[in-house]
Amino acid sequence: MARPKSPYTYKKRIDTKCYQFTLNPSCGLPEKTCKKWQRKSFLKLPDELAIYRNPKREADVKIALGALIDYLKKQEEEKKRLNAPNEDITVGDWVEKFTIIETSPRTAINNSKNRPPSIDTFETYKSYFKRIKDDPIVTLKMSELEEDDITFFSTRLALQKKKDGSLIGGTRTHAGIIKFLRTAFKNYQRKFPRWFNPFTALDAPLVNYGVRDSLPEDEVMKLFQPGVLKTTMELAVCACIFLSGLRRGEVAALKPEDLNWSVHTPKIVVRRAWQAYGKKKRVLGPPKGKKHRNAPFDPILQEAIKKLWQENEERIDLLEKKAKRSENEQTELDNLKKREWVFTVNGRFMNSQWTQHRFPRWLKDAGIELNGREIVPHSARHSLASILEERGTPMRHIQELLGHSDLVTTKIYLHSTEKTIREIGKKITEAREGIADPPKEEESKGEIIPFTKVS
């Protein structure tokens, strides 16, 4: 009688003294899944099973493999649930598909257009689904939906309250959830053309976005006064968001090859951005809109980056000359020598908190009174758009600069682009070099210190 095959095999490597394992179909998992777990290290276990990544004894190995098999079986069950026959699928199960990259029909559609999935978009979809997962509509079958079901759902959604006690109706969140559901239902209708889409009779809610807070030109100039931006890095980043209009995730994702130093037409090519930038699971992907764009590369930013890179080289020399380096110093040195990013902190790319923490101090040191305005790092883009609009820059040029897909988004920001930005940059340079009229004695805290240029 043949001996039943073990659900898994494992062995300890002689070189690393670490265990490797292989899952066999006899464990109850599909053969396709088992093939993904052949000759794998325990370090490859998913984050949910991180406590099992370093087994020391065979008993620990068996416990870890048992936990992995149970975990994968639950995933397979969830996959089967989400891939249930469409005629029986509920609204909740169908809509939940769109919150997961692996199961979302939108992923395949974007792949066919050579557009990678956006982590930020799926995080937003998850937050939308979280708001509706307890609503009665999610238990209804897609095939049984009627117009009244959607109408009543929209009313219930509008009457939900936010954390501050105000109603969600008429807000961006309300409009976003309705738009999210319309997208999911439209994809269902694409699969079943004869199915009646109950959203057809319900228009998307209109939202009064209003004009977002921004800084006028004179207050932007205050940020670049001596004493406000303490380091070359602060000057470079501030110039990048206020004079080039880049988002924080785009600034941190800049690489040296993205900078065009042409004498006649210098520019920044925005090719990538950090998605889910403020979270641990951030990934490097395309910029918002999934399109490359050119941004102005003002001389003041050019000089700041040159000086910043010069400081990095001096730091490399200093670390290399040290006879004994700590582990952190060695890691910093290795990262600096890669010269992978334009802006680095300890050799690594700049995280989301770097600007977030410094921005309030910049405003305070510049003497800018907010007076109820909500001014955050992203307000730099709003400020640039407003300044350009006041100076008569065509809306289409501002739209291209900011990377907006439509003019409606650009208009939310607004209270030849390159020429105007150069004029603003020139005023900043003049102020820093003392060409402009100095402030009055009673308003001044000291002399204007010239910015040292790097050749």
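The values are calculated or read from the model by the stated rules, or taken from the named source; none is laboratory data. These numbers were taken from a predicted model, which means no experiment stands behind them. Heads up, the Cβs are rebuilt from the backbone with ideal geometry, glycines too, and the neighbour counts pull from every protein chain shown.
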- Note on the structure: Counting only helices (runs of 4 or more DSSP H) entirely within region 54-162, those with at least 3 residues that are closer than 26 Å to GLN275 by Cβ and not aromatic (Phe, Trp, Tyr) are 58-82, 91-97, 105-112, 119-132
- Message: When you scan region 366-375, do you find a residue that is under 24 Å from ASP258 (Cα atoms), at pLDDT 70 or above and either among the basic types (Lys, Arg) or more than 20 Å from the chain's Cα centre (by Cα) (or both), even just one?
- Response: no
- Message: For region 1-40, which positions are at positive phi and charged (D, E, K, R)?
- Response: LYS17, ARG39
- Message: Against the definition (of a type in the set (D, E, K, R) and over 21 Å from the mean Cα position of the chain (by Cα)), how does LYS97 come out, yes or no?
- Response: yes
- Residue hits (region 338-361; out of contact with any helix residue (DSSP H, G or I) (no Cβ under 6 Å at 6 or more places or on another chain) and part of a helix (DSSP H, G or I)) are LYS338, SER352, GLN353, TRP354, GLN356, HIS357, ARG358, PHE359, PRO360, ARG361
- Task: Name every residue in region 31-52 that is modelled with pLDDT under 90 and in a loop (DSSP other than H, G, I, E, B), in order of residue number.
- Result: LYS36, PRO46
- Item | Flag for ARG115 being in contact with a Pro (Cβ under 9 Å, 6 or more places away or on another chain) and over 16 Å from ALA184 (Cβ atoms) | yes
- Somewhere in region 309-319, is a residue within 17 Å of the chain's Cα centre (by Cα) and more than 22 Å from LEU246 (Cβ to Cβ)? no
- Would you be able to say whether some residue in region 393-407 is modelled with pLDDT under 50 and either of a type in the set (A, V, I, L, M) or closer than 28 Å to THR231 by Cβ (or both)? yes
- Message: Condition first: exposed (fewer than 14 other Cβ atoms within 10 Å of the Cβ), out of contact with any helix residue (DSSP H, G or I) (no Cβ under 8 Å at 6 or more places or on another chain) and more than 30 Å from PRO216 (Cβ to Cβ). Can you find one or more residues in region 367-378 that meet it?
- Response: no
- Which numbered condition LEU140 fails, given (1) in contact with a Phe, Trp or Tyr (Cβ under 9 Å, 6 or more places away or on another chain); (2) closer than 22 Å to LYS97 by Cα; (3) modelled with pLDDT of 90 or more; (4) not charged (D, E, K, R): (1)
- Task: Could you please find all residues in region 161-170 being surrounded by 13 or more Cβ atoms within 10 Å (Cβ to Cβ) and in contact with a Ser or Thr (Cβ under 9 Å, 6 or more places away or on another chain)?
- Result: GLY169
- Message: Of everything in region 315-331, what is of a type in the set (D, E, K, R) and surrounded by 10 or more Cβ atoms within 10 Å (Cβ to Cβ)? Give them in sequence order.
- Response: ARG315, GLU320, LYS322, ARG325, GLU329
- Message: Here's a check for you: in region 171-217, which residue that is at pLDDT 80 or above and small (Gly, Ala, Ser) is surrounded by the most Cβ atoms within 10 Å (Cβ to Cβ)?
- Response: ALA184
